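Worksheet for the structure shown next.
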Amino acid sequence: MAGSNGSVPTLDVENLQTYFFTKAGVVKAVDEVSFSVQPGKVLGLVGESGSGKTVTGFSIMGLVDEPGRIAGGHIKFRGEDLVGASEDRWQQLRGNQIAMIFQDPMMTLNPVLRIDTQMIEAIQAHENVSRDEARQRSRDALGQVGIPSPDERLKAYPHQFSGGMRQRVSIAIALLNKPDLIVADEPTTALDVTIQAQILYEAQKLCKETGTAMIWITHDLTVVAGLADEVAVMYAGRLVEHGSVDDVLDKPLHPYTHGLIGSVPSRNKRGKPLEQIPGMTPSLLNLPPGCAFKTRCPRADAACETAPDVTKPDGGHRLLRCHHPHLDELAEVPA
Amino acid sequence: MTVFIIRRLMQAAVVVFFMSFLVFSGVFVIGDPVDILISDEADEEDRERAIAALGLDKPFHIQYLRFLGKALQGDLGESFIFEEPALLLILERMPATMELALFALLLAVVLGIPLGMWAGLKPDSVAAKSIMTGSILGFSLPTFWVGIMMMMLFAVMLGWLPSTGRGETSEIFGLEVSFTSWDGIRHLLMPAINLSLFKLALVIRLSRAGTKEVIHQDYIKFARAKGVSRNRIILVHVLKNIMIPVVTVIGLEFGGLVAFSIVTETVFAWPGMGKLLIDSIGLLDRPVIVAYLTIIVFLFVIINLVVDILYSILDPRVRLQEMKA
C-alpha cells in the first residue's frame, strides 16, 4: 500500500501502543495498530464503542492524557516520528498541520467565548497575523462550511448555534490553517442525516481539492462506504481487518467485520430479523487471552486461544488478524 | 433590564419593611433603654420628661408607626446616646468598614483564584495538598481567635504591625481612607487579612473545584487540539469559566463580609460601623440598630443586583430578561 503512488504517506502509524496505567491494571486501549494515509485519501476507522478508535485519534494528536501514555510504536507524520516529540513541537503541529474534529459538537466550543475569539486564537496560535486578518480568514472559513451571514455569526456565542451549526464551526476551525491531516472523530454522529450528507460531501471535496489526508473515525459503515478510500476495522484495541473500502465491505474476511456488515439494515433484508453480533465488547482491563473476539465469534475454536498474527489473505495489501477468516468471500463473485 | 431593576428595588422595599418591623419589635422586647439612658439619681419628674422626649411613653404600635412615617422621609431617628441622626452616625463609620471589607475581598480574590487554580491543575502535588489543608484551617479557625493570635505574633512579639486602630487617614472624594499612606496600610493589613481568611478559603475551594471540572471538558481538549498555548488555555478558557461561580459566590458573600466585619472590628478596635452596632446593642440604642440593619439590607439587595448583572456579562447563556427576579 505504501508507495502505491510513490509519495510519502501523510501519516504512517506503526505498531502504535497506547496504554492507560490505571490502579486496576494496564488498559491496552490501542495495541499494535498500524496504518497509513496518503495525501488526499480518507481512511475510515471503524469499530464499536470502546474499541480504541478515539484513543487512536487522540494519540495521533498527542492528546492522550494521564494515566494514558504512548507505550510503543511510531507515529510518522510526513516522515517525522512524533512519538516522544516535545510538547512545543506538538503545539506547533496541532491545529496547524494536524487538526481534529471532535465527536460532540455541543461540547467542543467553549460556552463563554465568542466564536470569533475561538477562531482567531486558532490562527494566531500558529501565525503572526493581525486580528483583522485572522478575523477575515475566520469569516471565510465559516462561509466555506456553509454558515449563512458569517460576519454576524462570528460575534455569536456557541449556545446561539444549533448542533449542526456548531459542528460546522468546529469543522471550520479545523480547516482554518489548511492542515495536511484531519482526524475526524465521529463528527456526524450527533447530526441529522441531511446535514451529515452535506458535511460528508464537503469533506470529500476538501480532500480531493487540497490533498488533505483524513482519518474518519466512525461506527457507521454506510458513512465509510460513501466516503472512505480505505477502511480499518478495530476491535478491542487492535486492528482486525484493513484494506480498501471495496474489498473490505464487499468481501469481509474477519468474522467481526462480517458481523458488522450483517447487522446493517438494508432494503434486501426487509422483513428478516437483523443479524447481530452476540455479547458485548470485552472490558479492555481483562481481555481474554488469545483472540479478543473469540467469546463472540461463531467460528472460534481451540486455535483462537493464541492471538492470531497479521496475515495477508489475498497476497495484496489487505491485512487480517484471524485464524478462521471467511476466505470463501475471496472466491465469490461480489453481488 | 430596567424592568428587572425596578422589580428588584420593589422587592427590596418589602424586605426592608418587614425587617424594620422585626428589628423594632425585637429591640422593644429585649429591654427598656430608659434604664440605661437615665441615671439612677434623676428624680421622677426628669425621668418622665426624658421618656416623653424620646417618645418612649407611647405604646409600641404608635412608636413603630411614628418611626415608619419618619423613615419614609429618610429620617431613621436620632441616636439615644449620641443625640445625632442614626443614619449619619452609621454613614460616618461606613467608609472604614467598606475599606476593610473591600481590601479583604481583594486579598481573597487575588490570592484565592491563583492558589485554587494551581490546586485544581495539579491536584496530586504537595503544593496543592498544602493549599487545601490550609483552606480547611481558614474555614474552621474562629476569626476572633485568629485575630488575637495574629496580634500576639505580629504586634506584640515581632512588633511589625500596630495592633489596633485605623492609623493615618486621608480624604478622597470626601471619604476617609487609610490605604493612601504607609501608616494606614500597616494598620489595615492585619484586620484585612483576618477578615479575608474565611473568604480566601472559600475562593480557593471554589476555584479548585471549578478548575478540576473545566479542565476535563471537551472544549479544553479542543482548544489544545487547535494548538493554543497552555497559558492561554488556563488564563482564558479555564479562568473565564471558573469566574462564573466565583463571582456569584464572592458577590453574595461580600454582604456577609461587611456584616461580619463586626468581629474583626471589635478585635482590632477598627472604627467601623460593626463596632458601632455592637456598642449600640450594648446600650439598646434602638434607632442606630434599626438604621444599621436597614442599610445592611439595602447593601445586600444592591450586591445581589450587581452580581446578577455581572453574571449575565460573564455567562453569555444567561440573559436578565429571562431571569425570574
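The values are calculated or read from the model by the stated rules, or taken from the named source; none is laboratory data. Just so it is clear, the model here is predicted, and its values are computed rather than measured. Glycine also receives a Cβ, built like all others from the backbone with ideal geometry; neighbour counts cover every protein chain displayed. Please note that ligands, DNA and RNA were not included when accessible areas were found on the heavy atoms of the full protein model with its side chains. Shrake-Rupley method; radii C 1.70, N 1.55, O 1.52, S 1.80 Å.
Data overview
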read-out	value
Every pair of residues 6+ apart whose Cβ atoms lie under 7 Å, when the first sits in region B:288-313 and is closer than 30 Å to B:F28 by Cα and open to solvent by less than 30 Å² (accessible area, probe 1.4 Å) while the second is hydrophobic (A, V, I, L, M, F, W, C) and not in a helix (DSSP H, G or I)	B:V290/B:L76; B:A291/B:L76; B:T294/B:L76
Selected residue (criterion: least open to solvent (accessible area, probe 1.4 Å)) from residues of region A:104-121 that are more than 8 Å from every other protein chain (Cβ to nearest Cβ) and modelled with pLDDT under 90	A:P105
Output for region B:231-255, where each listed residue is open to solvent by 10 Å² or more (accessible area, probe 1.4 Å) and at the interface with chain A (Cβ under 8 Å from one of its Cβ atoms)	B:R232, B:V236, B:K240, B:N241, B:I244
Among the candidates A:K76, A:K155, residue that is over 14 Å from B:A225 (Cα atoms) and within 14 Å of another protein chain (Cβ to nearest Cβ)	A:K155
Subset tally (residues that are modelled with pLDDT under 85, within 17 Å of A:G47 (Cβ to Cβ) and surrounded by 11 or more Cβ atoms within 10 Å (Cβ to Cβ)) for region A:278-296	6
Single condition B:Y219 does not satisfy, out of (1) open to solvent by 50 Å² or more (accessible area, probe 1.4 Å); (2) within 14 Å of another protein chain (Cβ to nearest Cβ); (3) of a type in the set (S, T, Y)	(1)
So B:V258, is it surrounded by fewer than 19 Cβ atoms within 10 Å (Cβ to Cβ) and more than 14 Å from chain A (Cβ to nearest Cβ)	no
Selection from region A:84-103 of residues that are open to solvent by less than 60 Å² (accessible area, probe 1.4 Å), part of a loop (DSSP other than H, G, I, E, B) and either within 7 Å of chain B (Cβ to nearest Cβ) or closer than 19 Å to B:Y219 by Cβ (or both)	A:G95, A:N96, A:F102
Residue satisfying all of: in region A:122-153; modelled with pLDDT of 90 or more and assigned to a loop (DSSP other than H, G, I, E, B); surrounded by the fewest Cβ atoms within 10 Å (Cβ to Cβ) among these	A:N128
Any chance B:A192 is assigned to a helix (DSSP H, G or I) and either on the phi > 0 side of the Ramachandran plot or touching a Phe, Trp or Tyr at 6+ places or on another chain (Cβ under 6 Å) (or both)	yes
Any hit, region B:197-216, residues being within 12 Å of B:G116 (Cβ to Cβ), open to solvent by less than 60 Å² (accessible area, probe 1.4 Å) and among the polar types (S, T, N, Q)	yes
